[in-house]
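The values are calculated or read from the model by the stated rules, or taken from the named source; none is laboratory data. Computed from a prediction, not measured in an experiment: that's the story for all the values here. Please note: Cβ atoms are built from the backbone with ideal geometry, for glycine as well, and neighbour counts cover all protein chains shown. Just the protein is used for accessible areas: all its heavy atoms, side chains included, with ligands, DNA and RNA removed. Shrake-Rupley method; radii C 1.70, N 1.55, O 1.52, S 1.80 Å.
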Amino acid sequence: MISLLTVVVGVALIFTVAYLIYGRYMSRVFELDEDRPTPAHERYDGVDYVPSRKLELFGHHFSSIAGGAPIIGPITAALAWGWAPALAWIVVGTVVYGAMNDFAVLTMSVRHDGRSVGHIFGRYVGERGKSLMLSLAFTANLLVIGVLALVVAIVFDAYPSAATASVCYVALALLFGLYKRYGFPFRLGTLLFVPAVFGSVWVGLQYPLVLVPDGGATILPTVVNANVSVWLIVILLYAFSASILPVQTLLQPRDYLSSFLLYAGLGGAVLAIVVGTLFGTTNQPLTMSLDPFTGFMSDAFAGIGPAVPMLFSTIFCGAVCGLHSMVSSGTTPKQLNRETDADTIGYGTSLVEGLLAVVAIGTVAVVPSIPSGSGIGLALPSFAEGGAIILSALGIPTGLGAPFMALVLSAFALTTVDTSIRLGRYFVEDVVTDSETSFAGNRFANSAAQTALAYLLVASGSWAAIWPLFGGAVQVFAGLSIVTVVVWVRNWDAGKEVRSLLAGAAFVLATSLSALGYLAISNLGTKLLNPAWLGTASPIQIASVAVQVVVVGVLGALTVEILRIAAGNVSFGVGRSSTVREPGD
């Protein structure tokens, strides 16, 4: 069997070379200039536009793009089709598409006052194109909110100690925000609060938090089980509250502190893989015990489907992902202190996330026996259990390692949920011109509407449909983000070569739209047009599946129209007049 160390080191070397060569090449192409003012300084408002330290913003951006997706998607794919195709797509997707897209979108947004992909698209092709792009982003973003809230709820159900630890670390983040607000030394705060975050794991083990005990009931519609159903509502309410606060109150300090959890989880796992392989100190061999390839068609997770196209919509974060484009043109450009930081934050974080995805596959590969059950029931416990086995190489008891890895997963999924609600608010405000006096400009009503819609989308609880739908939607936006970069580049300099970018966009859009079509047909055939299923499903499950089918139709129609508008612009290499900051201005 291939050792896990060989896989991790090999991928790390590929990513390092990509960063040193391709990342620096792109910095020259986009002519990054540390003296060019960024939107964080020019549009400072103390709420969204706030300059942030490079390390702090790295933590926010990494936390926001990572979420739980680069862990859950790769594990789901590895269990469905084998670890080899999953690994291949992570490496190719990250280096060729994902990191490039994140860096390009972040740079593009910084040059356009920190505005969203949709807003920038509209500057060149007109208001209709802007509205269509932002509507698509908003639709995909609802799935981000709902699915990752469900992920956190299931983690809290499986590991109640992680729920308690998460409550503690959010409280610590609020205190750290106050600490920074009153001007206390930043490094001293790091030394005080980071150990306290890790101490929350011990608190969780002593006082696990369960909202509905086994066998308990709730008046809420059942999503997985009663405890998960209640946690889902609680998490969405928390995310709503967090999304309306100024970024320096909770978002910046929480993401900075939570980044240390991921550094420890990822770094500790990599170190443990080295130590365990070289010295044999783990309680299980660190080898890729999963089958490298299990077949083209998979019936895992209640029938997830064929590897092509479903693999590409199952692994999105950890390869190429539209959520990254949303963050890279949402909260991050509004906090970028220097333009030259975009290289590390845009390109570097995507590579680190790809490495996290590889380690995630490794965690499930070392588990001696995978439990049976639904997709998410396989992915989440196996990650925590496998992570604990790996960390045992460092002498960490599995009873402590498993809750810690569960906290790592839930912390980043939780971060992405409220960041996405904030991003959704930006999308709506960009679509509605007079947002200051409308529903769109009311951050309370705007955020509340998103929270309710996100809940409805995931209320069916069907993992085989929800996760690929989530992936397909954000992959569509990733493809259209690349198209937007092409539009910007051609309007900046019509002589620049864009065929490689267009080829990448075509591949991402073709695979994601095919996956969405497969899901829509499957939902219609096995559920909405199946009398047996309709007879047993609850009203909210029927409504949820129907909404999922409608979402696929909306995404497809919006994509076709956006591409039609973009094609006209790129073909002629001219755009509508707009005031933007380009290199050399």
**Prompt:** Going by the structure shown, is residue 476 surrounded by 14 or more Cβ atoms within 10 Å (Cβ to Cβ), part of a helix (DSSP H, G or I) and modelled with pLDDT under 90?
**Reply:** no
Checking 469, 480, 558, 519 in turn, the sole residue that is under 25 Å from the mean Cα position of the chain (by Cα) and closer than 18 Å to residue 324 by Cβ turns out to be 480
Q) Going by the conditions given, is residue 262 at pLDDT below 90 and either of a type in the set (Gly, Ala, Ser) or in a helix (DSSP H, G or I) (or both)? A) yes
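Have a look at 503, 557 and point out the one that is under 24 Å from residue 102 (Cα atoms) and out of contact with any Leu (no Cβ under 6 Å at 6 or more places or on another chain).
503
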Quiz item: Taking the condition acidic (Asp, Glu), within 27 Å of residue 36 (Cα to Cα) and either under 18 Å from the mean Cα position of the chain (by Cα) or surrounded by 24 or more Cβ atoms within 10 Å (Cβ to Cβ) (or both), does residue 113 pass?
Solution: no
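Conditions tested, residue by residue: (1) free of Cβ contacts under 8 Å to residues at least 12 places away in the same chain; (2) touching a Phe, Trp or Tyr at 6+ places or on another chain (Cβ under 9 Å); (3) open to solvent by less than 70 Å² (accessible area, probe 1.4 Å).
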residue	(1), (2), (3)
494	no, yes, yes
497	yes, no, no
514	no, yes, yes
520	no, no, yes
524	no, no, yes
529	yes, no, no
538	no, no, yes
Out of (1) under 23 Å from residue 470 (Cβ atoms); (2) open to solvent by 10 Å² or more (accessible area, probe 1.4 Å), the one residue 30 does not meet is (1)
message: I'd like to check something: does the stretch 327-346 contain any residue that is hydroxyl-bearing (Ser, Thr, Tyr) and in contact with a Gly (Cβ under 7 Å, 6 or more places away or on another chain)?
response: yes
Check your understanding: Can you find a residue in the stretch 185-198 that is in a helix (DSSP H, G or I), under 18 Å from residue 249 (Cβ atoms) and under 23 Å from the mean Cα position of the chain (by Cα)?
Key -> yes
Condition set assigned to a helix (DSSP H, G or I) and in contact with a strand residue (DSSP E or B) (Cβ under 7 Å, 6 or more places away or on another chain), scope the stretch 36-59, selection modelled with the lowest pLDDT: answer is 57
Flagged pairs (Cβ under 9 angstrom, 6 or more apart or on separate chains; first in the stretch 351-369, touching a residue at least 40 places away in the same chain (Cβ under 8 Å); second of a type in the set (S, T, N, Q) and surrounded by 24 or more Cβ atoms within 10 Å (Cβ to Cβ)) are 351/94; 353/94; 354/94; 355/94; 357/94
Just one listed residue, out of 88, 99, is open to solvent by 10 Å² or more (accessible area, probe 1.4 Å), small (Gly, Ala, Ser) and assigned to a helix (DSSP H, G or I), and it is 88
Wholly inside the stretch 340-455, helices (runs of 4 or more DSSP H) that include 2 or more residues that are out of contact with any strand residue (DSSP E or B) (no Cβ under 8 Å at 6 or more places or on another chain), at pLDDT 85 or above and open to solvent by 10 Å² or more (accessible area, probe 1.4 Å) are 349-365, 398-431
Every listed condition ((1) among the aliphatic types (A, V, I, L, M); (2) open to solvent by less than 70 Å² (accessible area, probe 1.4 Å); (3) assigned to a helix (DSSP H, G or I); (4) modelled with pLDDT of 85 or more) holds for residue 14 save (2)
Q: Taking residue 126 as the residue in question, decide whether it is free of Cβ contacts under 8 Å to residues at least 24 places away in the same chain, at positive phi and surrounded by fewer than 24 Cβ atoms within 10 Å (Cβ to Cβ).
A: no
Margin query: Would you confirm whether or not the stretch 261-274 contains a residue that is touching a Ser or Thr at 6+ places or on another chain (Cβ under 9 Å) and not aliphatic (A, V, I, L, M)?
Written below: no
Next on the checklist: Condition check: farther than 22 Å from residue 193 by Cα and either hydroxyl-bearing (Ser, Thr, Tyr) or open to solvent by 50 Å² or more (accessible area, probe 1.4 Å) (or both). Does residue 277 satisfy that?
Outcome noted: yes
Given the conditions (1) in a helix (DSSP H, G or I); (2) open to solvent by 40 Å² or more (accessible area, probe 1.4 Å); (3) of a type in the set (S, T, N, Q); (4) at pLDDT below 85, every one holds for residue 577 apart from (1)
